[in-house]
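Each remark here refers to the structure printed beneath this line.
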Amino acid sequence: MDNNLKSLSALGKPTALILQIGPFKITERMNVALASLATRRGQGTEFKNRAQLAGVPLPPPATSERNDPFGAFWVTPEMWFIEAPLPMFEDIAAKLKAAFGDTASITEQTDAWVRFDLSAPNPSHLLERLSNIDVDRVPDGHASRTVIDHVGCYLIRRNANEVTLYGPRSSANSLLHAITVAAESLL
Amino acid sequence: MTQVKRIAGGQIDRTRTLHFSFDGQSLTGHPGDTLASALLANNIRLMGRSFKYHRPRGVFSAGSEEPNALVELRPGARQEPNTRATVAELFDGLTAQSQNRWPNLRFDALSINDRLNAFFTAGFYYKTFMWPAVFWEKLYEPIIRRAAGLGSLSRLDDPDSYDKGFLHCDLLIIGAGPAGLMAALTAGRSGARVILADEDFRMGGRLNAETYGIGDQAGADWAALVLEELATLPSVRLMSRTTILGAFDHGIFSAVERVSDHLAVPLPGKPRQTLWRIYAKRSINAGGATERPIAFENNDRPGIMLAGALRAYANRWGVSVGDRIAVFTNNDDGLRTALDLQAKGVDVVAVIDPRKDGALLPGIRHLRGATVVDTAGRLGLTSITVRLGNGKAETLAVSALGVSGGWNPNLNITSHHRSRPVWNADITAFVPGADGPPGLTSAGAASGAMSTHAALATGQAQALSVLQALGFAHRTDVLPKAEDAPLNLLPLWYAPGGEGRAWIDQQNDVTVKDIKLAHQENMVSVEHMKRYTTLGMATDQGKTGNVLGLALMAELTGQSIPETGTTIYRPPYTPVALGALAGRARGQDFKPLRLTPSHHWAKEQGATFVEVGYWLRTQWLPRPGETTWRQSVDREVLATRKSVGICDVTTLGKIDIQGTDAGAFLDRVYANTFSTLPVGKCRYGLMLREDGMVFDDGTTARLAPHEYVMTTTTANAVAVFRHLEFCRQVLWPDMDVQLISTTEAWAQYSVAGPNARKLLEKIVDQDISDTALPYMGCGAVTIGGLRARIFRISFSGELAYEIAVPTRYGDGLIRRLVAEGAAFEAVVYGTEALGVMRVEKGHVAGNELNGQSTALNMGLGKMVSRKKDSIGMPLSQREAMVAEDGYRLVGVMPVDKTAALSAGSHLLDVGAEPVAANDGGWLTSMVWSPHLGSLIALAYLKAGDQKLGQRMRAVNFMTKQDTLVEIVSPQFIDPQGDRLRG
């Protein structure tokens, strides 16, 4: 978008962070659009129909699901966060609104969060020092709210080796600090 | 000195020598030693002074129950007071100092207390320092503070880091002795996720300290083999050097892992300790048992210790505490000490055994029916006096005495949910009650099963029970053979001698006499006795002395021990460093920071930041030549009012409210009406609490028929969101309303001042003229095609807008606004200038939203609509809250503009006495107004709306100010609002 305004990452940098600390790879994702999608009261059936039509997954509680180009994770009863590639969905809220109409309340969340993808042979070695979620035992796709060093986050287990953390954008540096300090203590 | 007390055997690595010092004396030890074992190996028995009487004290135990051998470890900032030498793992370069003595350990001036012991009995403090009352603060307390305490703090910042973490398991096993190991083996082989935690650096528990075998192996060898197998099981986590501190709700345990305590300095990046929160579906307390002593006169001399400890030092650490030793035991386990030491070639002078019947030990002088009644030796034991079975006394020259009065199950953790221990007459000890923490059972000695066989059997049985409950397939392995001998204990708590003192609780210097005095003064309840005598307090929590004290009280009251009862335990099981509890949350990492979108730009400009909750906001931006904050703030205010100022207001809470009932929902949560607000307009909203007091305020914009965005104060953003969620989910679940915070999603800047529109017109693509975007208008715009939002609202009283872009463009927008604003000499202003301008305009903020103020107090009473119901409206109409003489928001200016004024000052009528009865109100906020050239303030004043133009006094006792002021309108500038509508 040519608006003469430079965009910065949540960490205040022009490009996304990629960090390797021992076995732990931390990748900041700036290329994901995010929006909340909530069912309006009494619209459940139509809402689901439209979701199906648009290809937007609506995973059950505590889970996430992919259906390219969309990903979704459950956040609270009748509300999901929808992920999509930012270049195609810079205006994700408008696009979802077009798909769901008045059956849903949709709010742009792209810039409300920082996303760090953590990959490692065994991410739980690090995450057991950050979060109380039993990352080893929850199934792939598990999505849950958690708190990391006083910062409220969402944690999604993509698979045994990959975990996504969403934290509030304004605390991106604090969240990264918590992750890196814990990772470095394991070297 | 070269470890003259070393004897053969032990689990120490004699191929390596470790150098350490104690009170400046250079000494050596070996890997596997504790500080206590190494000191004893070097023939050092005197390790400390007692708390009250400054009696010479040495090692009493070989574990975490140690009451006496407390030392200061490490030098400098890592100095650690009150460390138990018995659990301090020896490392090369360790330095230890004795404590609670002056000028040195051998000669301690305060040992005079011991001579004056008649004055220092239980309750001494309570009786003595009652009068005269004025002496307390100036005399008594300083003296007591100086004399009290054991170790000292370095008063330096701890240079090490402490970590924390979370673990999950099917089964947590507390203690890796025979019961714990057997339980772990049983559960681990079945695939259950097991955590086996032990406070020792070497797992195995008593098996490391005993000579008896398991199967055809030495106990320690069996333990090593089991640990080898456990280490290969993927579902088992072995955590040595880890103490389970407490049992909390829902199967949660806290544990501290001493990651680096066995090193002089933690390895780079490694924490000193880690505090774990363990979520366990089931747990087994296999924490073993603690030996208890028998009280007799002068039973506290260095060289006197628990018989099991004496044996442990010989068997595990290859140390003979004395050349000539004796054992005083009322049970068969104590006899093992004599036999083991004799087998190692130590001269066992005698075994003093109060039990009259039974076989005599071979080759040892076994004195049946005898008791120890006194000892001698100034700085260490030299002899004991024995009352023989025939009533005669005999003095034996010995340098060490092992005492065993039986074993108390380590049931502490089972009491953490207030379960009362139960007396078990078979072993003459308390055992865990049945109503302990759910899911927690006990095995082995911790459950009262005292033999090794019983430990293995109960460990296996409890593990099988857990496996069954959790649905694991399991098998019952054949238990290896192990000793299964009974204790054959004869209860004996106190062996009376002469008139001397016999210690019950060595850490707190509680003697038999103190217990008797407590009884004499009717402190017979165990809880009273504990507090009156201090029995069982301090770092060891009475692990060795408690039951002894209870038994003595039972004897004195003529009740049984179970009738007398017992105190219970609470976390932590052993002392834990505050650093471990704090973890990494210290200094700059105490809490997370929230950075505004303009933070990086502001930092480049040298901005001064202020913490607002977690947010760091720009407080002011100094320019070259400005030497005080006032110069910067005055410039920012004047420039804004003259031309245009820019302020980052992203921190204000933004809540997206959608749904077909969004308007009706807002009507209920706000005191004023929002359902009638046209799309594209904003309205100032006032939110009340249920009790009618003002909760929060802010503007709410209607973006679409069923979409509003609410603005809250920065401080209340979370509280308001939580409140709205409560209303939505609990109060009115039938409403079609969806909420989500968008605070972080948008970078929002206030652009205020006469040239605000001109500046924004340079960057906004659309027409924002007064016609297109009138006062309180809002809508979607673009900036070079970028989606943006604009709100024409003002907090400063000037023509003002708030412009918002997706946060990633926030840095770009501030730079663009500054660059384009140069033509207007625009400034960026911080929270100080913001505060000045809002006071000048008479807007309420945090100081006025104090939770005790109503809309009427704030001059906003008309905003509370009576045409509809809303939270807080009914109660805001209570008689006292609508009284005409209630507080009203007013402006205050000093009559003399050079006079001092401060917030918090109270308003009094001129001539009135400065007493509470004459208090008219108080100054809530005070600023210097560069616009008016005067200090100005907002104030709550009784019937303030009727006092405009009056003169009053602003009195402040704290700042010693008494200033003549004039009561004025709270709108100091532009009261008609012409500017903001310009």
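Read-outs throughout are calculated quantities, based only on the coordinates presented, and are distinct from any laboratory measurement. Note that the coordinates shown come from a computational prediction; the quantities given were computed from them, not determined experimentally. Cβ placement follows ideal geometry from the backbone for every residue including glycine, while neighbour counts extend to all protein chains displayed.
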Mean separation of Cα contacts under 8 Å (at least 6 apart) over the residue count of chain B, i.e. the relative contact order in percent, is 9
So, in Å, what gap is there between the alpha-carbon centers of segment B:834-864 and segment B:80-143?
-> 56
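Could you put B:297, B:291 in order, starting from the residue whose Cβ has the fewest other Cβ atoms within 10 Å? Before the final figure, lay out each step's value.
Details: B:297 22, B:291 29.
Ordered from fewest to most neighbouring Cβ atoms within 10 Å, B:297, B:291 come out as B:297, B:291.
Give me B:475, B:368, B:683 sorted ascending by neighbouring Cβ count inside 10 Å, so fewest comes first. Spell out each step's value before the answer.
Values: B:475 9, B:368 16, B:683 20.
Sorted ascending by nearby Cβ count, the order is B:475, B:368, B:683.
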Other-chain or far-sequence residues with amide H under 5 Å of residue A:21's (modelled H) | A:26
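I'm a student and want to see the number: the projected area of the Cα convex hull of segment B:883-982, averaged over all directions, in nm².
Numbers: hull surface 27.7 nm².
Mean projected area for segment B:883-982: 6.9 nm², to one decimal.
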How high is the FRET efficiency from residue B:388 to residue A:137, r the C-beta distance, R0 56 Å, rounded to 0.05?
-> 0.30
Using the charge dipole of segment A:32-108 (Lys, Arg: +1 at Cβ; Asp, Glu: -1 at Cβ; taken about the Cα centre), state which of A:44, A:34, A:71 has its Cα farthest towards the positive end.
-> A:44
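With a ≥ b ≥ c taken as the square roots of the eigenvalues of the C-alpha gyration tensor of segment B:575-669, please select rounded if a/c is under 1.5 and otherwise prolate if a/b is larger than b/c or oblate if it is not? The partial results should precede the final answer.
Values: a/c = 2.95, a/b = 1.04, b/c = 2.85.
Oblate, since a/c reaches 1.5 and b/c is not below a/b.
For segment A:32-108, what is the relative contact order in percent, using Cα pairs closer than 8 Å and at least 6 residues apart in sequence?
Values: 143 pairs, mean separation 32.8, N = 77.
Relative CO of segment A:32-108 lands at 43 percent.
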Amide H proximity to residue B:887 below 5 Å, modelled H, separation 5+ or other chain, gives B:943
Using the 10 angstrom Cβ neighbour count as an exposure proxy, how do B:615, B:928, B:503, B:317 rank, fewest first?
-> B:928, B:615, B:317, B:503
Can you work out the base-10 log of I(q)/I(0) for chain B at q = 0.05, 0.06, 0.10 1/Å, using the Debye formula on its C-alpha atoms alone?
-> -0.48, -0.65, -1.05
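Tell me, what is the percent relative contact order of chain A, built from C-alpha pairs under 8 Å that lie six or more residues apart?
Numbers: 367 pairs, mean separation 42.7, N = 187.
In percent, rounded to a whole number, it is 23.
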Dimensions of segment A:32-108 along principal axes (Cα, Å, largest first)?
-> 33, 26, 20
Summed side-chain charge close to residue B:163 - residues other than residue B:163 whose Cβ falls under 10 Å, Lys, Arg +1, Asp, Glu -1 | +4
Loop-resident chymotrypsin sites (Phe, Trp or Tyr not before Pro) in segment B:554-605 with no more than 12 other Cβ atoms inside 10 Å, DSSP not H/G/I/E/B, are B:590
Classify segment B:708-780 as rounded, prolate or oblate from the Cα gyration tensor: take a ≥ b ≥ c as the square roots of its eigenvalues, call it rounded if a/c is under 1.5, otherwise prolate when a/b beats b/c and oblate if not.
-> prolate
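With the cut-off at 1.5 for a/c, could you classify the protein assembly as shown from its C-alpha gyration tensor as rounded, prolate or oblate? List each step's numbers first, then the result.
Numbers: a/c = 2.57, a/b = 1.83, b/c = 1.40.
It comes out prolate by the Cα gyration axes.
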Calculate, in whole percent, how much of the Cα-Cα pair population of segment B:634-681 lies beyond 11 Å.
-> 77
Specify which residue in the list B:434, B:239, B:822 is farthest towards the positive end of the charge dipole of chain B, using unit charges on the beta carbon of Lys, Arg (+1) and Asp, Glu (-1), about the Cα centre.
-> B:822
What fraction of the Cα pairs in segment B:502-640, stated in percent, has a spacing above 22 angstrom?
-> 61
Would you kindly derive the ³J(HN,Hα) couplings of segment B:610-619 from the backbone phi angles with the Karplus curve 6.51 cos²θ - 1.76 cosθ + 1.60 (θ = phi - 60°), listing them in order in whole Hz, with x for Gly and Pro?
-> 10, 7, 10, x, 7, 6, 9, 10, 5, 8
Once phi is turned into θ = phi - 60°, what whole-Hz ³J(HN,Hα) does the Karplus curve with 6.51, -1.76 and 1.60 give for every residue of segment B:380-396, x standing for Gly and Pro?
-> x, 5, 10, 7, 10, 9, 10, 8, 6, x, 8, x, 7, 9, 9, 9, 10
Distance from the Cα centre of segment B:1-34 to that of segment B:470-485, in angstrom?
-> 38
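Please state, rounded to one decimal and in Å, the Kirkwood hydrodynamic radius that chain A gives when every pair of distinct Cα atoms enters the mean of 1/r.
Numbers: mean 1/r = 0.0585 Å⁻¹.
Radius from the Kirkwood sum: 17.1 Å.
Can you check what the net charge comes to around residue B:523, using other residues whose Cβ is under 14 Å from the Cβ of residue B:523 (Lys, Arg +1; Asp, Glu -1)?
Values: positive: B:127, B:513, B:516, B:530, B:531; negative: B:514, B:521, B:527.
Here the charged neighbours net out to +2.
For the protein assembly as shown, what is the charge dipole size about the Cα centre, in debye to the nearest 20, if Lys and Arg each add +1 at the Cβ and Asp and Glu each add -1 at the Cβ? Write out the running numbers ahead of the final one.
On the way: 120 positive and 119 negative charges, 195 e Å.
So the magnitude is around 940 debye.
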